[in-house]
């Protein structure tokens, strides 16, 4: 059942990968895998886009220092009963108007909010860069883990293949011994079952190896992975002498270089700026403004007047005492075409400028509560920084203890393997001369196989824990370019 589960996952990968094993032209080193992941991993690309967004926010903050300038233009039709601007009378008519304007304003003082927004934007860029470095570190560590997992599965497969070869040779030798009457024929059936079990274990090991290669290929975002393979570098060594360091020294070094703490510290500074920005809303705002506008009309204009021949005079009153009528001349306006639009724009232009002071008095307590909210975020950032420091201390001491324990386990398993090998050799000698039955010999062989697997497991566990400890001490798997 277990084999079917693996086959369902790796069937497509197996067709291309397994059949092309002899045609592989390149085997990747750990450094090549890490560097390729740095250039192609999706999570890293997303972090790089976060930096781009932070740079845009900085440009927006710089733009807040600049004046705001807006132009306007309109053209309108008035249809129906409205005032004739020429005669001053209400008439049913259609008139048109055009207007142009430009307005400019600049903040002179705004509670230092623009300055604090700019400083916050610069801190956000720093935080985004730290996030990118942390992502690179995490990906590098994941790549190293996947790389070592492949090495482990390779060696595990090799052990099972060697075991199959040994059992097949033993089966051939046992046939000769059965024919010679040295051992009973029933031992051959046990050996056949053992060989079948060996083959089944090889199939599982091959599938596990293929899945581990597929996992690393996907982590690297490889599109062509059918021939992907890595070099077989299986040396166990502490190249940088990290185990010779004191945990206290590793922790002190980690406090200076670990990206987690730098991110937490930068987020704390950003939270402080948010509080300052919120407090700035309590202060007055002083703004300078300038406005220019002009207009033009398309209605006829009065160019002169003539005496009304139909009704040249009209009575406007009487002389007191004589009761004599007082008359006035009635003039009719002479209408002409409107002046050109450009001339009207030039004649009707106007300017206004000044200062505007805005003093906050009551805004529904939104400023007060906004400050309180940002203060809460500030306290959370302080706690987060403290927690990150405690986590780092715990992780360093845990990593050192784990690495030391993994080394002891590896050394112990190596000693056990040597003893199991000697016991197996002795059992083989007894079995070959008929002094040990097949069942007891198979038990000795199983103990040897288990000891070999324990050594492999302990070796790569130790190698990975060494890499983790080196990370805390500031030794990357490969040099990471920090933007």
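The values are calculated or read from the model by the stated rules, or taken from the named source; none is laboratory data. Please read all numbers here as calculations on a predicted model, not as lab measurements. Positions of Cβ are backbone-derived with ideal geometry, glycine not excepted, and every protein chain shown enters the neighbour counts.
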Tell me, please, whether a residue that is under 30 Å from the mean Cα position of the chain (by Cα), without any contact (Cβ under 8 Å) to a residue 12 or more places away in the chain and either buried (at least 16 other Cβ atoms within 10 Å of the Cβ) or not in a helix (DSSP H, G or I) (or both) can be found in the range 130-140. no
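Condition first: in a helix (DSSP H, G or I), in contact (Cβ under 8 Å) with a residue 40 or more places away in the chain and in contact with a strand residue (DSSP E or B) (Cβ under 6 Å, 6 or more places away or on another chain). Can you find one or more residues in the range 168-175 that meet it? Working first, answer last.
Of the range 168-175, the ones in a helix (DSSP H, G or I) are 168-175.
After this cut, where a residue has to be in contact (Cβ under 8 Å) with a residue 40 or more places away in the chain as well, the list is 173-174.
If we keep only those that are in contact with a strand residue (DSSP E or B) (Cβ under 6 Å, 6 or more places away or on another chain) as well, we get none.
No, because not a single residue in the range 168-175 is in a helix (DSSP H, G or I), in contact (Cβ under 8 Å) with a residue 40 or more places away in the chain and in contact with a strand residue (DSSP E or B) (Cβ under 6 Å, 6 or more places away or on another chain).
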### Residue check for residue 164: surrounded by fewer than 20 Cβ atoms within 10 Å (Cβ to Cβ), in the same structural domain as residue 47 (by TED's automatic domain parsing) and in a helix (DSSP H, G or I)
yes
Residue 436 vs (1) without any contact (Cβ under 8 Å) to a residue 12 or more places away in the chain; (2) over 30 Å from residue 174 (Cα atoms): all pass except (2)
Note on the range 415-430: residues in contact (Cβ under 8 Å) with a residue 24 or more places away in the chain and either in contact with a strand residue (DSSP E or B) (Cβ under 9 Å, 6 or more places away or on another chain) or surrounded by 16 or more Cβ atoms within 10 Å (Cβ to Cβ) (or both) are 416, 417, 420, 424
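Any chance you could count how many residues in the range 237-251 are modelled with pLDDT under 75 and surrounded by 15 or more Cβ atoms within 10 Å (Cβ to Cβ)? Even if it seems obvious, please write down each step before you answer.
To start, the set of residues in the range 237-251 that are modelled with pLDDT under 75 comprises 237-240.
Then keep just the ones that are surrounded by 15 or more Cβ atoms within 10 Å (Cβ to Cβ); that gives 238.
Result for the range 237-251: 1.
Whether any residue in the range 213-223 is in a loop (DSSP other than H, G, I, E, B) and surrounded by fewer than 14 Cβ atoms within 10 Å (Cβ to Cβ) is what I want to check.
Initial filter on the range 213-223 (in a loop (DSSP other than H, G, I, E, B)): 220-223.
Cutting the leftovers down to surrounded by fewer than 14 Cβ atoms within 10 Å (Cβ to Cβ) gives us 223.
Yes, the range 213-223 contains a residue that is in a loop (DSSP other than H, G, I, E, B) and surrounded by fewer than 14 Cβ atoms within 10 Å (Cβ to Cβ).
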Sole miss for residue 170 among (1) touching a helix residue (DSSP H, G or I) at 6+ places or on another chain (Cβ under 7 Å); (2) closer than 30 Å to residue 217 by Cβ is condition (2)
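Listed here are the residues, each with its yes/no results for (1) under 24 Å from residue 158 (Cβ atoms); (2) at pLDDT 90 or above; (3) part of a helix (DSSP H, G or I).
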residue	(1), (2), (3)
400	no, yes, yes
424	yes, no, yes
434	no, no, no
453	yes, no, yes
459	yes, no, yes
469	no, no, yes
